[in-house]
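Colleague: I'd like to ask some things about the structure below.
The values are calculated or read from the model by the stated rules, or taken from the named source; none is laboratory data. Only a predicted model underlies this, so the values are computations on that prediction, with no experimental measurement involved. Neighbour counts run over all protein chains shown; Cβ positions are idealised from the backbone, glycine included. Just the protein is used for accessible areas: all its heavy atoms, side chains included, with ligands, DNA and RNA removed. Shrake-Rupley method; radii C 1.70, N 1.55, O 1.52, S 1.80 Å.
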Amino acid sequence: MLVVTEASVRRRRWFGLALVLLVLLSGAGGTALATIMVHRSESHNADRAMDDYTTLVCRAVLDEVQHYSDALADLAGGINAQNDMDRNAFTTITAGLSGVRLPGASYVAFMVPATTAEVPAVQRYWRARGADGLVLDPAAGVDEHSFVVFSRAFDGVPGRDGTDMTNAAEPMEALTSARQTGTMTVSKAYILLKDRSLPQAQQQMSFAITLPVYGKGLDGRKGDLRGWVVMGVHLTDFLHESIAEQTEQAVSVDLFEHVSGTDLSIVKVGVPDTTSSLVRQRTVFVSNREWRLTIRPTVGLLSASERRMDTIAAGGGALVTLLVTALVTVLVTARNRALTQVEHATAALRGDIRRRQEVERQLREREDELERLALHDPLTGLANRTALDVRLGTELRGDKRIGLLLIDLNGFKPINDVYGHDAGDLVLTEFSRLLLDSVRTEDVVARIGGDEFVVLLADVPDESHALTVAQRILTAAAGNPVRIGEDTLPIRASIGVTAVRPGDTAKELQRRADVAMYHAKRTGSHNLAVHDPSMIDRRSADAALGDDVSVALERGELHVVYQPIVDLDNGRPVAAETLLRWRHPRHGNVPPDRFIALAERNGSINAIGLWVLDQACRQAREWDVRYVSVNMSPRQLQEPTIVHDVLAVLRRTGLDPSKLVLEVTESVIVDETAGIPALRELRSYGIRIAIDDFGTGYSSLHYLTRMPVDILKIDRSFVNELNGTPEGAAVTEAVLRLSQALHLTTIAEGIETPAQAKELRELGCDTGQGYLYAPPRPAAELEGFATVLDGHPVRP
């Protein structure tokens, strides 16, 4: 052990020496690198400063020209607003302009065109409008002139009114261009006419901005040219004022005008540092002129960016390196002594720590696994019944407002039977994911049975909120079928909805949700029901009745009745709706709203529905009616052969497809992949489609505009509201207007009084049915149905 310790000491000593040398070399290298980086940074800062100032100069030049242009446009607008321009108007319009507001501007003027022959008349005209003593001085040798009639100087050097701009080629070219284009034009650089009498040292290269002014034409169109507004600008003052505030004399600017492929030097501002290579060249377009700017740094910019920080960095780095080297030497020596003392103790402790950490890790993993298995479903990862009961008890003890959804997957057992349990597991996991996506993170989603799920909704104000979540789950399930091999399996569910009530226990809350879910199953596939106190648990009775309805057709217990659909203007029958009735040998007449759902659930609705269709088509052949309507279950539309089966009945009975109307409920449009394609194909053969009980289900304008629909049947609940008031007729009238907009036929259901029939006619409804005209009857009791009844209601 002693040999090992001495070897460790020697290694630490050499390691400490190497560390000190490494620190010294690193410090020297770092100092050199810092010096280089600081020097590059200074160069980069100067380069970036030049780029920034170049951008500022270009922007300032363009902004200042735009400032002049805006002022000139305002002046032109003021003149355009004057029906009769005179000196006073010009003075008023230009009162807000000044050399302070427009730095570099020399003057502003209003000019008018005239030929040589028109000079005397123009001179008299403008003298009469305040241009006292105006003398127009036309240039010799030309017939077209442009005279200054009103002007205002900003630089203390007045111009002479009456001057002919034809004497200066540069502004005359700009005036001509402005007249031809109708837009603002900038002249070439030149000495202003009014400055040419000044000493040469006071003269500046300048430019003129021109804008044509037009009179008012007919119908608001542009009239004849009245003249121009012109602003003369001294380039040196303009450039100095444009960049002085922005650059703080950090750069100098040379302005060149690009004319005919040549750059002509116009003006220079600032004193450049001729030793610097930081030169920037930019081109700016001012109206129709191309200006080129050369920007160079001044001594001020270079002195601000080059501060000899590299020398300071080198000295500071060397000093810091020496201090750090000394400090590291002291620390390494102390470290070596301390490490020698604790080496043996550390080695002994390490083994104990490793053993303890391994034991703790295994215990944590085991605890996590046990908790997961105790509170979560192993297949879906959702909470299980135990976790649900714990959360439900906590919420109820805290008097929290909660909602409960009990969900049962419809048709899950056939999936397991046909596709296998792996496919069933896939459906369960996909539906679990869909549920989690449809609720909030604070809600609880649990799987409590093979195909049963529960959603506990936290902080639910009332049952309507829970109902909204249930509807969202149904819609999401309908829109996300599961792909199994080459088959696509729709996910259909029944949902029972309830919310907590005072004094509720967990058992009572779940019982209500269970009863509501069963009622949802009874009303049809992929549906929901909110618990109502009137609901009773009819599962045992429904199971027995379901067995009976599956053989009712074979036993001859089913029969059809017909209710006439009449013309509301005269009461004459035009069609008939076919309705199914069941006379049970023990229970007597069973209501359709009870046994239809049972037939849909056990699948016997397909055979029953085709039998009803066959009976209706045969009866329609015997009657001379426009059409016969037959109700079709959503469950029938899910059959792959439904189109073939319906067409086969039509061929067998010989009924023209145009005389058949298939009635479907609004619930069909919840699952767009199931019913709508079949309806579209049936409609392509001439069969018409009607939505029964419109306004009471899931329909919306979005779905309605895409559905293959020909007829809307107004539900009897809306007809019952008709009482001669706008409020009572509001929904019915809205449905009628919607039908008219979509070019659909409407039929009112449940008409029981002459007053209802009269109000429907006034609202624009042409056809209807109800006990006012005839109750549903067997065909034999409607012998007069196929003949004209002279406008009287149909009687059996």
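Colleague: If I filter segment 88-96 for residues that are in contact with a Leu (Cβ under 8 Å, 6 or more places away or on another chain) and outside any helix (DSSP H, G or I), do I get at least one hit?
Modeller: yes
Colleague: Continuing with the same structure: Answer yes or no: is there a residue in segment 277-300 that is in a helix (DSSP H, G or I), open to solvent by 20 Å² or more (accessible area, probe 1.4 Å) and either modelled with pLDDT under 80 or small (Gly, Ala, Ser) (or both).
Modeller: yes
Colleague: Applying the selection to segment 7-59, what residues are over 30 Å from VAL286 (Cα atoms), at pLDDT 80 or above, buried (at least 18 other Cβ atoms within 10 Å of the Cβ) and within 53 Å of the chain's Cα centre (by Cα)?
Modeller: none
Colleague: Go through segment 60-86 and give me each residue that's among the charged types (D, E, K, R) and surrounded by fewer than 18 Cβ atoms within 10 Å (Cβ to Cβ).
Modeller: ASP63, ASP70, ASP74, ASP84, ASP86
Colleague: Now for a different question. Within segment 98-152, can you find the residues that are closer than 30 Å to LEU239 by Cα, in contact with a helix residue (DSSP H, G or I) (Cβ under 6 Å, 6 or more places away or on another chain) and not hydrophobic (A, V, I, L, M, F, W, C)?
Modeller: Scanning segment 98-152 gives PRO103, GLY104, SER146.
Colleague: SER187 is checked against (1) small (Gly, Ala, Ser); (2) open to solvent by less than 30 Å² (accessible area, probe 1.4 Å); (3) over 15 Å from VAL230 (Cα atoms) and fails just one. What number does that condition carry?
Modeller: Answer for SER187: the failing condition is (3).
Colleague: Does VAL549 meet the test of being open to solvent by less than 10 Å² (accessible area, probe 1.4 Å) and in a helix (DSSP H, G or I)?
Modeller: Criteria met by VAL549.
Colleague: Among ALA599, ALA576, which is open to solvent by less than 20 Å² (accessible area, probe 1.4 Å) and over 21 Å from GLN638 (Cβ atoms)?
Modeller: Exactly one of ALA599, ALA576 is open to solvent by less than 20 Å² (accessible area, probe 1.4 Å) and over 21 Å from GLN638 (Cβ atoms), namely ALA576.
Colleague: Kindly establish whether ARG586 is assigned to a helix (DSSP H, G or I) and farther than 30 Å from PRO490 by Cβ.
Modeller: no
Colleague: Return the residues of segment 622-663 that are touching a Phe, Trp or Tyr at 6+ places or on another chain (Cβ under 7 Å) and part of a helix (DSSP H, G or I); say none if nothing qualifies.
Modeller: LEU647, PRO657, LYS659
Colleague: Identify, please: which residue in segment 371-394 is of a type in the set (S, T, N, Q) and either exposed (fewer than 14 other Cβ atoms within 10 Å of the Cβ) or without any contact (Cβ under 8 Å) to a residue 24 or more places away in the chain (or both) and is, among those, nearest to THR505 (Cα to Cα)?
Modeller: Restricting to residues being of a type in the set (S, T, N, Q) and either exposed (fewer than 14 other Cβ atoms within 10 Å of the Cβ) or without any contact (Cβ under 8 Å) to a residue 24 or more places away in the chain (or both), the top hit is THR394.
Colleague: Tell me which residues, restricted to segment 99-117, are open to solvent by 40 Å² or more (accessible area, probe 1.4 Å), at pLDDT below 90 and not charged (D, E, K, R).
Modeller: VAL100
Colleague: Among the residues of segment 555-603, how many are more than 30 Å from GLU762 (Cα to Cα), touching a Gly at 6+ places or on another chain (Cβ under 9 Å) and modelled with pLDDT of 90 or more?
Modeller: 1
Colleague: Kindly establish whether ILE353 is loosely packed, with under 12 Cβ neighbours inside 10 Å and at pLDDT 80 or above.
Modeller: In short, yes.
Colleague: Is there a residue in segment 118-128 that is part of a loop (DSSP other than H, G, I, E, B) and buried (at least 21 other Cβ atoms within 10 Å of the Cβ)?
Modeller: Scanning segment 118-128, I find no residue that is part of a loop (DSSP other than H, G, I, E, B) and buried (at least 21 other Cβ atoms within 10 Å of the Cβ), so the answer is no.
Colleague: I would also like to ask the following. Note down all Cβ pairs under 7 Å where the first residue falls in segment 439-456 and is surrounded by fewer than 19 Cβ atoms within 10 Å (Cβ to Cβ), the second is part of a loop (DSSP other than H, G, I, E, B), and they're at least six residues apart or on different chains.
Modeller: Pairs found: GLU442/ALA458.
Colleague: Another one. From SER276, SER265, which residue is more than 18 Å from ALA174 (Cα to Cα) and without any contact (Cβ under 8 Å) to a residue 12 or more places away in the chain?
Modeller: SER265
Colleague: Now, a different point. Determine if segment 480-493 includes at least one residue that is open to solvent by less than 70 Å² (accessible area, probe 1.4 Å), under 30 Å from HIS584 (Cα atoms) and either of a type in the set (Ser, Thr, Tyr) or in contact with a Ser or Thr (Cβ under 8 Å, 6 or more places away or on another chain) (or both).
Modeller: No, segment 480-493 contains no residue that is open to solvent by less than 70 Å² (accessible area, probe 1.4 Å), under 30 Å from HIS584 (Cα atoms) and either of a type in the set (Ser, Thr, Tyr) or in contact with a Ser or Thr (Cβ under 8 Å, 6 or more places away or on another chain) (or both).
Colleague: If you scan segment 131-176, which residues turn out to be surrounded by fewer than 21 Cβ atoms within 10 Å (Cβ to Cβ) and assigned to a helix (DSSP H, G or I)?
Modeller: Matches in segment 131-176: THR166, ASN167, ALA169, GLU170, GLU173, THR176.
Colleague: Only one of THR475, THR468 is outside any strand (DSSP E or B), polar (S, T, N, Q) and free of Cβ contacts under 8 Å to residues at least 24 places away in the same chain; which?
Modeller: THR468
Colleague: Among the helices (runs of 4 or more DSSP H) lying completely within segment 371-460, list those that include at least 1 residues that are within 19 Å of ILE495 (Cβ to Cβ) and modelled with pLDDT of 90 or more.
Modeller: In segment 371-460, the matching helices (runs of 4 or more DSSP H) lie at 385-397, 421-438.
Colleague: Out of curiosity, is ASP51 over 21 Å from PHE207 (Cβ atoms) and in contact (Cβ under 8 Å) with a residue 60 or more places away in the chain?
Modeller: Yes.
Matching residues to (1) assigned to a loop (DSSP other than H, G, I, E, B); (2) modelled with pLDDT of 90 or more; (3) within 23 Å of TYR562 (Cα to Cα); (4) open to solvent by 50 Å² or more (accessible area, probe 1.4 Å):
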{"position": "ASP692", "(1), (2), (3), (4)": "no, no, yes, no"}
{"position": "PRO708", "(1), (2), (3), (4)": "yes, no, no, no"}
{"position": "LYS713", "(1), (2), (3), (4)": "no, yes, yes, no"}
{"position": "SER717", "(1), (2), (3), (4)": "no, no, yes, no"}
{"position": "ARG737", "(1), (2), (3), (4)": "no, yes, no, yes"}
{"position": "GLN756", "(1), (2), (3), (4)": "no, yes, yes, no"}
{"position": "GLU759", "(1), (2), (3), (4)": "no, yes, no, no"}
{"position": "ARG795", "(1), (2), (3), (4)": "yes, no, yes, yes"}
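Colleague: Now for a different question. Could you please let me know if ASP237 is outside any helix (DSSP H, G or I) and either open to solvent by 20 Å² or more (accessible area, probe 1.4 Å) or among the acidic types (Asp, Glu) (or both)?
Modeller: No.
Colleague: Looking at segment 220-235, I want the residues that are without any contact (Cβ under 8 Å) to a residue 24 or more places away in the chain and have a partner that is open to solvent by 10 Å² or more (accessible area, probe 1.4 Å) and in a strand (DSSP E or B) with Cβ atoms under 6 Å, at least 6 apart or on another chain. Which pairs are those?
Modeller: Cβ pairs passing all conditions: GLY223/TYR214; GLY223/GLY215; GLY223/LYS216; ASP224/GLY215.
Colleague: Out of (1) open to solvent by 60 Å² or more (accessible area, probe 1.4 Å); (2) modelled with pLDDT under 85; (3) more than 50 Å from the chain's Cα centre (by Cα), what's the single condition that is false for VAL267?
Modeller: Failed condition: (1).
Colleague: I would also like to ask the following. Looking only at segment 188-226, filter to residues that are more than 50 Å from the chain's Cα centre (by Cα) and part of a helix (DSSP H, G or I); which one of those is farthest from PHE256 (Cα to Cα)?
Modeller: LYS194
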